[in-house]
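To start, the structure itself, in structure tokens.
The values are calculated or read from the model by the stated rules, or taken from the named source; none is laboratory data. Quick caveat: nothing in here was measured; it's all calculated off a predicted structure. Ideal geometry is used to build each Cβ from the backbone, glycine not excepted, and the neighbour counts take in all protein chains shown.
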DNA sequence: CAGTGATGTTGACACCGGCAACATCGAGGA
DNA sequence: TCCTCGATGTTGCCGGTGTCAACATCACTG
């Protein structure tokens with residue numbers, strides 16, 4: 001029985017791991033520095049040798065969560081096979097956008113704690129346009145690429161492209177927030193799934209109709 | 001100069017008022033029982049004669065916020081004049097839905113603190129269908145009424161009605177969250193306003209196309 | 001082998017939510 | 001009129017938390 005060495009040897013990583021686990025279990029409120037320290041077998045305050053602040057630790061967890069969210073989205077979109085003919089490409093691009101949204105919501109429901117931490121420390125997306133260095137771990141980048149594709153295959157009118165990323169993100173994010181820990185948290189699985197279908201179909205249908213039709217009532221009054 | 005009396009006389013109301021003010025300034029984190037007590041000129045712990053818990057006080061603030069949110073929405077929708085002919089009624093109903101969303105977002109941006117407190121303690125909406133006792137202070141009730149109207153005037157197909165309330169709420173709530181204190185918080189006013197237009201137009205356009213058209217890619221894969 | 005910087009520990013402080021015991025005061029019955 | 005009693009407010013305290021400061025340990029480097 002070797003007595004525990006004075007130095008941990010890998011404290012920073014161990015703390016992050018414990019923090020991620022705690023975030024999964026209890027969200028931001030579960031990220032208690034002293035608890036994590038004890039969980040890792042180290043005295044309180046040791047964490048401050050590796051993180052200036054509790055916030056710094058939270059940010060680290062958020063980054064891990066961001067990666068997982070992006071992965072969840074990509075896993076979904078990558079499963080859509082490419083279309084054979086032009087019409088198939090359109091269907092594929094539309095399906096990819098929907099799957100992307102489903103991945104987002106699935107993650108939020110499967111990992112509500114991480115999801116909350118994530119958005120407590122989400123940085124301003126660097127590129128709201130299409131340029132700038134694209135962080136491949138940023139969900140926003142993934143979404144933008146899918147929407148560009150939707151224009152390329154001719155489903156979404158180029159005039160309707162600006163702002164589409166915010167529309168999609170808003171719809172899916174709102175759905176996720178309302179259902180994961182918000183006022184709709186008690187809906188049963190079937191109802192929730194059907195509601196998400198409606199959200200995604202609503203967007204898809206709208207983008208299929210971007211030929212200068214619906215205008216008039218939506219402008220500022 | 002009369003010395004302050006031992007009993008406050010109206011402590012509960014004063015505390016709620018101070019709490020609402022604090023929530024406006026700093027959100028949920030600003031709701032510190034001891035600060036509120038001092039602010040009202042009373043010692044800490046006096047609050048516990050009127051609220052069992054800090055959470056009880058937060059819930060009270062949330063209720064005030066809920067009322068203000070509903071008011072903000074109604075103020076907007078009420079400004080849309082009724083349509084003269086059937087076609088005008090359609091335009092009016094569509095405009096009312098958009099104005100409702102704008103009111104929601106405006107409130108979230110004007111009162112980010114209250115907005116956050118509100119959704120930290122938002123109860124599960126009692127009636128997800130159309131029946132049940134309708135709390136006139138519940139924004140969800142307002143939204144449902146507008147959507148029913150949209151069906152009545154023939155803009156939204158009855159088959160597309162189920163789930164529409166969740167779609168609209170999701171889109172607008174997500175937009176509000178992302179912009180009020182989320183990753184899009186730094187967007188300038190003009191960009192933000194244009195983006196909201198896009199969101200509302202996207203929904204309006206989709207509802208105008210609910211004639212059995214767009215289907216195929218959005219179903220579960 | 002001394003020493004030095006990185007890492008971990010101990011102890012303290014301020015702050016917060018909440019409990020318990022005590023103080024004050026107004027209203028209503030003797 | 002007086003006196004009790006319940007509602008309201010106060011003081012003091014406890015446990016938990018983030019964070020700072022001073023000290024301890026250890027691995028490496030000259």
For this session: Select from segment A:173-183 the residues that are more than 7 Å from chain B (Cβ to nearest Cβ) and modelled with pLDDT of 95 or more and list them in ascending order.
Result: A:176, A:179, A:180
Exercise. What residue, among those in segment B:59-75 that are within 16 Å of DNA strand C (Cβ to nearest atom) and more than 14 Å from every other protein chain (Cβ to nearest Cβ), is surrounded by the most Cβ atoms within 10 Å (Cβ to Cβ)?
Worked result: B:61
Exercise. Can we say residue A:129 is assigned by TED's automatic domain parsing to the domain that holds residue A:195 and modelled with pLDDT under 95?
Worked result: yes
Exercise. Any idea which residue in segment B:175-191 is nearest to residue A:168 (Cα to Cα), counting only those that are in a helix (DSSP H, G or I) and without any contact (Cβ under 8 Å) to a residue 24 or more places away in the chain?
Worked result: B:178
Problem set entry | Hey, residue A:170 facing another protein chain (nearest Cβ under 9 Å) and surrounded by fewer than 20 Cβ atoms within 10 Å (Cβ to Cβ) or not | no
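For every residue, the table says whether it meets (1) more than 10 Å from DNA strand C (Cβ to nearest atom); (2) assigned to a helix (DSSP H, G or I); (3) surrounded by 14 or more Cβ atoms within 10 Å (Cβ to Cβ); (4) within 31 Å of the chain's Cα centre (by Cα).
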| residue | (1), (2), (3), (4) |
| --- | --- |
| A:25 | yes, yes, no, yes |
| A:37 | no, yes, yes, yes |
| A:44 | no, no, no, no |
| A:47 | no, yes, yes, yes |
For this session: State whether the residues of segment B:58-80 include one that is within 16 Å of DNA strand D (Cβ to nearest atom) and at negative phi.
Result: yes
Seminar exercise, completed: Only one of B:53, B:78, B:85, B:106 is surrounded by fewer than 19 Cβ atoms within 10 Å (Cβ to Cβ), under 11 Å from the mean Cα position of the chain (by Cα) and over 17 Å from residue B:208 (Cβ atoms), namely B:106
Exercise. Would a scan of segment A:29-51 turn up a residue that is more than 13 Å from DNA strand D (Cβ to nearest atom), in contact (Cβ under 8 Å) with a residue 12 or more places away in the chain, more than 14 Å from chain B (Cβ to nearest Cβ) and more than 30 Å from residue A:99 (Cα to Cα)?
Worked result: yes
Exercise. Given the conditions (1) part of a helix (DSSP H, G or I); (2) within 14 Å of chain A (Cβ to nearest Cβ); (3) more than 13 Å from DNA strand C (Cβ to nearest atom), which single one is not true for residue B:17?
Worked result: (2)
